[in-house]
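Chemist: Handing you a structure now.
The values are calculated or read from the model by the stated rules, or taken from the named source; none is laboratory data. Just so you know, these numbers come straight off a predicted model, no measurement behind them. Quick reminder, even Gly has a Cβ in these numbers, built from the backbone with ideal geometry, and neighbours come from all protein chains shown.
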Amino acid sequence: MKKILLSCIAVVMFASVCADAHVFQNDFAMESTVNKNYHFQDGSFKISPNPSKNRLNIKLPKYSENLLLEVYDVLGKRIHKSTITRLESSIDVTNWKTGMYLVKITGDKQTQTKRFVKQ
């Protein structure tokens with residue numbers, strides 16, 4: 001029961017960080033779009049493989065400068081922060097704990113967030 005309560009609190013905390021975002025959720029991905037007038041060409045970045053044991057690969061449909069990549073655990077703690085400098089990036093997740101993570105990419109005009117599962 002405590003784990004469920006903590007997970008709910010983490011989701012609420014993360015949602016408060018993205019308070020201005022519109023959230024669309026399906027079984028595989030959660031995306032947040034801050035500015036409705038600007039989108040990635042196909043609507044989102046790609047994560048593969050998902051789930052994964054070793055690598056988190058991120059593929060952007062279009063390069064944009066000043067993209068910030070952040071990864072949060074379910075409690076809302078940021079566990080990774082970097083700048084994306086290529087259309088395809090990869091992060092070693094071997095030492096991360098098993099579970100769900102939120103991968104957030106922020107640009108000048110948009111923020112998108114997706115779920116990633118570490119096996």
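Chemist: Being out of contact with any Asp or Glu (no Cβ under 8 Å at 6 or more places or on another chain), surrounded by 13 or more Cβ atoms within 10 Å (Cβ to Cβ) and hydroxyl-bearing (Ser, Thr, Tyr), is that true of even one residue in the stretch 72-79?
Modeler: Yes, because at least one residue in the stretch 72-79 is out of contact with any Asp or Glu (no Cβ under 8 Å at 6 or more places or on another chain), surrounded by 13 or more Cβ atoms within 10 Å (Cβ to Cβ) and hydroxyl-bearing (Ser, Thr, Tyr).
Chemist: Select from the stretch 82-119 the residues that are closer than 20 Å to Asn54 by Cβ and of a type in the set (Lys, Arg) and list them in ascending order. Before you say what the answer is, go through the steps one by one.
Modeler: Step one: list which residues in the stretch 82-119 are closer than 20 Å to Asn54 by Cβ, which gives 82, 84, 86, 88-103, 114-119.
Selection gives Arg86, Lys97, Lys114, Arg115, Lys118.
Chemist: Applying the selection to the stretch 69-91, what residues are within 15 Å of the chain's Cα centre (by Cα) and more than 15 Å from Lys46 (Cα to Cα)?
Modeler: Tyr72, Asp73, Val74, Leu75, Gly76, Lys77, Arg78, Ile79, His80, Lys81, Ser82, Thr83 - these are the residues of the stretch 69-91 that are within 15 Å of the chain's Cα centre (by Cα) and more than 15 Å from Lys46 (Cα to Cα).
Chemist: Now, a different point. Which one is nearest to Ile105 (Cα to Cα) among residues in the stretch 44-59 that are part of a loop (DSSP other than H, G, I, E, B) and not hydrophobic (A, V, I, L, M, F, W, C)? Show your work before the answer.
Modeler: Looking only at the stretch 44-59, we keep the residues that are part of a loop (DSSP other than H, G, I, E, B), and these are 44-45, 49-51, 53-54.
With the extra rule that they be not hydrophobic (A, V, I, L, M, F, W, C), the set shrinks to 44, 49-51, 53-54.
Values: Ser44: 10, Pro49: 17, Asn50: 17, Pro51: 19, Lys53: 21, Asn54: 20 Å.
My answer is Ser44.
Chemist: Right, here's the next one. Within the stretch 92-119, restricting attention to residues that are of a type in the set (Lys, Arg) and within 14 Å of Asn57 (Cα to Cα), which residue is farthest from the chain's Cα centre (by Cα)? Don't jump to the end; show me each part of the working.
Modeler: Filtering the stretch 92-119 down to residues of a type in the set (Lys, Arg) leaves 97, 104, 109, 114-115, 118.
Then drop every residue that is not within 14 Å of Asn57 (Cα to Cα), which leaves 104, 114-115, 118.
Working: Lys104: 3, Lys114: 4, Arg115: 6, Lys118: 13 Å.
Once the filter is applied, the top-ranked residue is Lys118.
Chemist: Could you check the stretch 32-83 and list, in sequence order, the residues that are in contact with a His (Cβ under 9 Å, 6 or more places away or on another chain) and either acidic (Asp, Glu) or at pLDDT 80 or above (or both)?
Modeler: Of the residues in the stretch 32-83, the ones in contact with a His (Cβ under 9 Å, 6 or more places away or on another chain) are 32-34, 36, 56, 69-72.
Leu56, Leu69, Glu70, Val71, Tyr72 - these are the residues of the stretch 32-83 that are in contact with a His (Cβ under 9 Å, 6 or more places away or on another chain) and either acidic (Asp, Glu) or at pLDDT 80 or above (or both).
Chemist: Moving on to the next point. Contact list please: Cβ distance under 8 Å, first residue in the stretch 90-119 and free of Cβ contacts under 8 Å to residues at least 24 places away in the same chain, second residue assigned to a loop (DSSP other than H, G, I, E, B), pairs at least six apart or on different chains.
Modeler: Listed by first residue and then by second, the contacts come to Thr98/Gln119.
Rundown of residues vs (1) on the phi < 0 side of the Ramachandran plot; (2) out of contact with any strand residue (DSSP E or B) (no Cβ under 9 Å at 6 or more places or on another chain); (3) not in a loop (DSSP other than H, G, I, E, B), yes/no style:
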{"residue": "Pro61", "(1), (2), (3)": "yes, no, no"}
{"residue": "Ser64", "(1), (2), (3)": "yes, no, no"}
{"residue": "Gly76", "(1), (2), (3)": "no, no, no"}
{"residue": "Lys81", "(1), (2), (3)": "yes, no, yes"}
{"residue": "Asn95", "(1), (2), (3)": "yes, yes, no"}
{"residue": "Val103", "(1), (2), (3)": "yes, no, yes"}
{"residue": "Val117", "(1), (2), (3)": "yes, no, yes"}
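Chemist: Being of a type in the set (Val, Ile, Thr), at pLDDT 95 or above and surrounded by 13 or more Cβ atoms within 10 Å (Cβ to Cβ) is the requirement here; does Val17 meet it? Please lay out each step first, then the result.
Modeler: Details: of a type in the set (Val, Ile, Thr): yes; at pLDDT 95 or above: no; surrounded by 13 or more Cβ atoms within 10 Å (Cβ to Cβ): yes.
Taking the combined requirement at face value, the residue does not satisfy it.
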